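S.K.: Mind looking over this structure? Questions follow.
Where a number appears in this text, it was derived from the coordinates with a stated rule and is not lab data. In this text the structure is predicted, and so the values were computed from the model without any measurement. Cβ placement follows ideal geometry from the backbone for every residue including glycine, while neighbour counts extend to all protein chains displayed.
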Amino acid sequence: MKKYILLLISLASFSQEPTKRINFEAPGAYPEGVAFDKANNVFYVSSARLGTVGKVTKDGKYSVLYEDKSLKSTYGVKLHPDGKKLFVCAGDANYSIYSTPDTKKNEARLLTIDVKSGKKLADIDLSQLVPGEHFPNDIAFDTKGNAYITDSYAYVVYKVDASGKATVFSKSELLKCAGVGPNGIVFHPSGYLLVANNGTGALVKIDMANPANAVKVKIDQFFPGADGLLLNDNNTLTLVQNGGVNKIFKIRTTDNWATAKVTESTATEDRFAYPSTAAMADTDTWIMNANFSELAEGNNVPSKKFSIQLAAFKPVK
């Protein structure tokens, strides 16, 4: 009888419905980055495979905001604090169908798109700042209008100021690893950046006043496959982890991110599909399901449908 009850509990758990998803059709796109525009009530999504930038309404209508034949892949997208411009990481790291020997792991661009007209305002080349391979991945803004961009193959963080001047901001040893390195990034108003190292699973704190001064945040676990980050408030961070884990975590600190602790996470039953990045829409946290497992497995029939999924957090015991 006890085994029968346990079986029923197990089946009930397995059959639990995932959280709400905004499903949309963007054939072959494989969006990785997501940002929410409160003024226009739309999400912006990138495309690792086609290099486009799209818009998704809350009822699942997809349209192309910007496309450019020179683009191979787009990854991180972030709405500028002024709400008028969308910043986009563009490169050729892995899955583009338009990849060429000249651009493969070499291209690193930061695009600025006018969200109203869909026109390109700026296109900044970052590939000459550091020798070697490149993978521009994610973006954060400080309060002075500067943008910070992670390069997951060059293991650095770039800085692009309000005038468009690009420099290397940090090349800390803590950003290095074997494979994909610095990924998600957020700016903290106390004067530092928090960066997720995808390969080592560490969260790195970089002092804005002295970028050479970087330390690991001491946390009770590591996050290999750490992807997007979202700063909910000064003491709370949302971290997206893929790499087979496919869960979203809330991390909290009580000492200005010297140390931190995982306090909440999503459930395995929510079945995120290679989650990549996160965006806040009002008080809700939405996650981009990138579906990259299909590409890694060599899927010959690219998906037409993708989803942005609601994250529901439960306390970690």
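S.K.: So if I restrict to the alpha-carbon atoms in segment 157-199, what is the Rg, and what is Dmax, the biggest pairwise distance, in Å?
M.R.: When restricted to Cα atoms, segment 157-199 yields Rg and Dmax of 11.6, 34 Å.
S.K.: Segment 140-202 to segment 30-65: how many Å between their Cα centroids?
M.R.: Taking the Cα centre of segment 30-65 as reference, the centre of segment 140-202 is 23 Å away.
S.K.: Sticking with this structure for a sec: With log10 I(q)/I(0) by the Debye sum over Cα atoms at q = 0.08, 0.10, 0.15, 0.16 Å⁻¹ as the read-out, I listed (1) -0.54, -0.68, -1.11, -1.19; (2) -0.39, -0.62, -1.51, -1.69; (3) -0.33, -0.52, -1.20, -1.38; which label goes with the value calculated from this structure?
M.R.: (3)
S.K.: If the only charges are +1 at each Lys and Arg Cβ and -1 at each Asp and Glu Cβ, what is the size of the charge dipole of segment 25-315 around the Cα centre, to the nearest 20 debye? It would help to have the intermediate numbers written out before the result.
M.R.: Details: 32 positive and 31 negative charges, 43 e Å.
Roughly 200 debye for segment 25-315.
S.K.: May I pose another question? Hey, can you rank 68-76, 276-284 by average C-beta count inside 10 Å, highest first? Walk me through the numbers on the way to the answer.
M.R.: Values: 68-76: 21.7, 276-284: 18.0.
Order by mean packing, descending: 68-76, 276-284.
S.K.: Relative to the present Cα-Cα distance, how much length would full extension add between Lys69 and Ala296 at 0.36 nm per residue of separation?
M.R.: Values: separation 227, 0.36 × 227 = 81.72 nm, distance 2.42 nm.
Taking 0.36 nm per residue and subtracting the Cα distance, the gain is 79.3 nm.
S.K.: If you take the beta carbon distance between Arg271 and Ala39 as r and set R0 to 30 Å, what does 1/(1 + (r/R0)^6) give as a FRET efficiency, to the nearest 0.05? Before the final figure, lay out the partial values.
M.R.: Working: r = 32 Å, r/R0 = 1.07.
Computed FRET efficiency for Arg271 and Ala39 comes out at 0.40.
S.K.: Could you check the simple spin-label distance between Ile97 and Asn234, using points 7 Å along Cα→Cβ, in nm with one decimal?
M.R.: Using points 7 Å along Cα→Cβ, the separation is 4.9 nm.
S.K.: When the chain is modelled as a GNM with alpha-carbon springs shorter than 10 Å, which of Gly181, Gly225, Gly191 fluctuates the most?
M.R.: Gly191
S.K.: State which entries of Lys144/Lys165; Lys105/Lys305; Lys20/Lys305 exceed 20 angstrom in Cα-Cα distance in the structure shown. Walk me through the numbers before you get to the answer.
M.R.: Working: Lys144/Lys165 14 Å; Lys105/Lys305 27 Å; Lys20/Lys305 15 Å.
Distance filter (> 20 Å) returns Lys105/Lys305.
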